[in-house]
Amino acid sequence: MSKNIIAIDGPAASGKGTLARSLAELLGFAHMDTGALYRATALEVHDAGLSAQDENDARDGAQILAKKIAHATRPSDVLDNPALRTDQIGQQASKIAAYPRVREVLNKIQTDFAENPGGGFKGAVLDGRDIGTVITPNAPLKLYITASREVRAKRRLKELQSRGISATYEAVLKDMRERDTRDAERKTAPMKPADDAIVIDSSDLDASQMLEKAVSLAKERLTL
Ligand code: CDP
């Protein structure tokens with residue numbers, strides 16, 4: 001496995017995605033938003049007329065996605081899809097993410113990417129819920145990004161509005177509470193910091209302060 005792997009985990013709208021993207025760009029690393037795999041699976045399940053209540057149906061959805069990614073030049077060609085960003089898809093994603101058979105299919109895509117990000121990249125940044133605990137347990141740098149639920153709900157509301165999706169603060173907060181509980185309490189790969197993760201509370205930090213912290217940690221721990 002490539003040594004230059006940065007694992008970033010945390011709950012919804014904690015700032016992990018923004019950090020992962022900018023960190024990858026700055027270091028010349030590839031980036032995978034692993035939440036998009038769960039979101040895209042939820043969309044495949046829906047589009048194929050399968051049932052998200054049935055584990056085997058959901059696994060079939062993950063396999064349809066895996067085939068599309070295998071045929072694409074880069075996973076992001078399939079995953080950069082604005083239709084994945086709604087709260088409805090987020091909720092469906094967190095339901096199917098509790099199924100071990102879905103996780104098995106999606107884990108393979110993530111470990112393959114971490115081992116071989118391709119494209120001449122010097123390393124990989126993956127963000128999600130179980131990257132430091134399950135996908136890349138040997139990553140030399142693991143970050144767990146948190147923020148209060150209220151701060152996260154405000155950020156998500158702003159993000160949805162900037163995409164032209166209408167939502168209310170109360171609805172976003174409720175969605176976040178449900179998803180946090182489901183993600184943290186599921187049996188398989190629950191959302192939690194790895195024992196050796198560095199926990200950063202982003203409530204009072206802006207994106208550039210977060211990036212600065214992460215870059216200095218990367219310089220200490222990785223071969224750049
Ligand atoms: O963007 P946001 O943080 O709201 O969510 P996301 O990262 O797109 O993830 C959507 C859902 O996928 C989460 O609520 C989790 O249930 C699931 N997920 C997971 O189980 N494991 C991951 N590594 C990433 C996401």
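In segment 20-39, the qualifying residues are those that are charged (D, E, K, R) and under 25 Å from residue 216 (Cβ atoms), and the one that is surrounded by the most Cβ atoms within 10 Å (Cβ to Cβ) is 33. Total residues in segment 128-160 satisfying the condition of being surrounded by fewer than 20 Cβ atoms within 10 Å (Cβ to Cβ) and either farther than 21 Å from residue 202 by Cα or in contact with a strand residue (DSSP E or B) (Cβ under 9 Å, 6 or more places away or on another chain) (or both): the figure is 6. Pairs linking a residue in segment 192-209 that is farther than 17 Å from residue 132 by Cβ to a residue that is in a loop (DSSP other than H, G, I, E, B), with Cβ atoms under 6 Å and 6 or more positions apart or on different chains, are 203/147; 203/148.
Only residues that are hydroxyl-bearing (Ser, Thr, Tyr), within 16 Å of the ligand (Cβ to nearest atom) and not in a helix (DSSP H, G or I) were counted in segment 1-39, giving 1.
Looking only at segment 40-62, filter to residues that are closer than 22 Å to residue 184 by Cβ and surrounded by fewer than 24 Cβ atoms within 10 Å (Cβ to Cβ); which one of those is nearest to the ligand (Cβ to nearest atom)? This residue is 52.
Each residue in segment 170-221 was checked for being in a loop (DSSP other than H, G, I, E, B) and either polar (S, T, N, Q) or at pLDDT below 95 (or both), and 6 pass.
A single member of 93, 98 is in a loop (DSSP other than H, G, I, E, B) and touching a Lys or Arg at 6+ places or on another chain (Cβ under 6 Å), and it is 98.
Of the residues that make up segment 213-224, is at least one within 20 Å of the chain's Cα centre (by Cα) and of a type in the set (Asp, Glu)? The answer is no; no qualifying residue exists.
The values are calculated or read from the model by the stated rules, or taken from the named source; none is laboratory data. None of the values given here were measured: they were computed from a predicted structure. Cβ atoms come from the backbone with ideal geometry, glycine included; neighbour counts cover every protein chain shown.
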